[in-house]
Amino acid sequence: MKFNDADNTQEWAGCVALFSSQCTRIAARDVRGTLVAENRKKGKIDLMPIQRATAQALPNIALVKYWGNRDQALRLPSNPSLSMNMAGLTTTTTVEFDPALKQDVFLLGGREINGQGLERVSRFLNQVRLQTSEVSRLFARVDSRNNFPSGAGLASSASGFAALAVAASAAAGLQLSETELSRLARLGSGSACRSVPGGFVEWAVGDDDRSSYAYSIAPADHWDLRDVVALIDVEHKAVGSTEGHAVADTSPLQAARVATAPDRLAQARSAVLARDFASLADVVELDSLMMHAVMITSSPVLMYWQPATIAVMQAVRQWRLNGLAACTTIDAGPNVHVICTAEAADEVALRLRVIPGVRQVITARVGGPAHLIPNH
Ligand code: PMV
């Protein structure tokens, strides 16, 4: 039975009038066409269609790190940060608000996730449900897939919540600006707000929920930098960044790190805008080391490095002294991101591959913004 079956035309006409001609909603209508047929046989016609949208987002690598929150619940950061999106590593997420569901369902890489993972996604969906009566009482099915390992310092939560923000708000019929999407993504994972805009992205701390969001300072094609990632361990990390942020203030070094972050941000921003690699390399390495100094001196201690992590850091420092335009930065995991110029990228990848403990090398260019995928 088709969507415009004669018996249902009136009900559907009323229903469709509620919706705009957005492609995401056309997709929703098509999906519902099948369910209406089933419900009709059972004698119950539900006028609320499934509303569905799919979005894609990239992880980002911070050149100046975010670590610690002024407000844990709202994820208002203790310090400003700067990142670049990583092209080629994608999270693709489909959200369906479905009247037939009795609770939210979360699939990650095809596997159903329950417990804390599901709760975090549900809490995030509540933020969307709060914003519109259209889906306020509907549960959702979230199907998310990464083409890279989750939870090992490759910022899958950033691309994950950025894609979820874009897909869920579109499926709910909201038309949010980039700023609003960035704020929404921030509620799922702080760094996710930086995966909404494209290219080189700054997240100013802001004063409150409204003013804390990320924006692009230069598009992806501004500077052909590369992030050559040395994968050392792709297992899920023991302590995630949400717990990490919560203990940042237990380190006696955090106050000094936060107080000096605006200076590092200013240097990194100027270096990016001027395409000055030497200046960028200095501040990127210093900033990453300062964040890890805080982690290592927190209570409990957060030691993400493995022996190969240190081997890569030392090797890259030496290569730079010998003229190769490369520097390192490390997130909350053992993998090392080697930021380098396009000219240096092949040489960096070759050299990384032969360092003992490096399992795999992935190269990313600077990538664009999170976006909807029509007709998915
Ligand atoms: O957004 P979260 O909670 O996953 O925190 C990200 C923290 C770091 O990746 C370590 C640093 C950053 O700025 O991305």
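Bear in mind these aren't lab numbers, they're just calculated from the coordinates by the rules spelled out. Remember, it's a predicted structure, so these values are computed and weren't measured experimentally. FYI the Cβ positions are ideal-geometry reconstructions off the backbone, even for glycines, and counts take in every protein chain you see.
Remarks
- Here the Gaussian network model covers the chain, with springs between Cα atoms less than 10 Å apart; of Ala73, Ala344, Ala57, Ala73 fluctuates the most.
- Computed over region 167-216, the range of Cα coordinates on each principal axis works out to 28, 25, 17 Å, biggest value leading.
- The GluC sites (Glu not before Pro) of region 95-131 include none that DSSP puts in a loop with a beta carbon having at most 13 other beta carbons within 10 Å.
- Where trypsin sites (Lys or Arg not before Pro) fall in DSSP loop in region 187-257, at most 14 other Cβ within 10 Å: Arg210
- Low-density loop cleavage sites - GluC sites (Glu not before Pro) in region 280-376, where at most 10 other Cβ are within 10 Å (DSSP): none
- Prolate/oblate/rounded call for region 227-365, Cα gyration tensor, a/c under 1.5 rounded: oblate
- Calculated diffusion of region 302-376, Stokes-Einstein form, Kirkwood radius summed over Cα pairs, 4 °C and 1.567 mPa s, µm²/s: 94
- Of interest is the spacing of the C-alpha centroids, which for region 207-221 and region 241-316 amounts to 20 Å.
- Each Cα pair of the chain feeds into the Kirkwood radius, which the Stokes-Einstein equation turns, at 10 °C and 1.306 mPa s, into a diffusion coefficient of 74 µm²/s.
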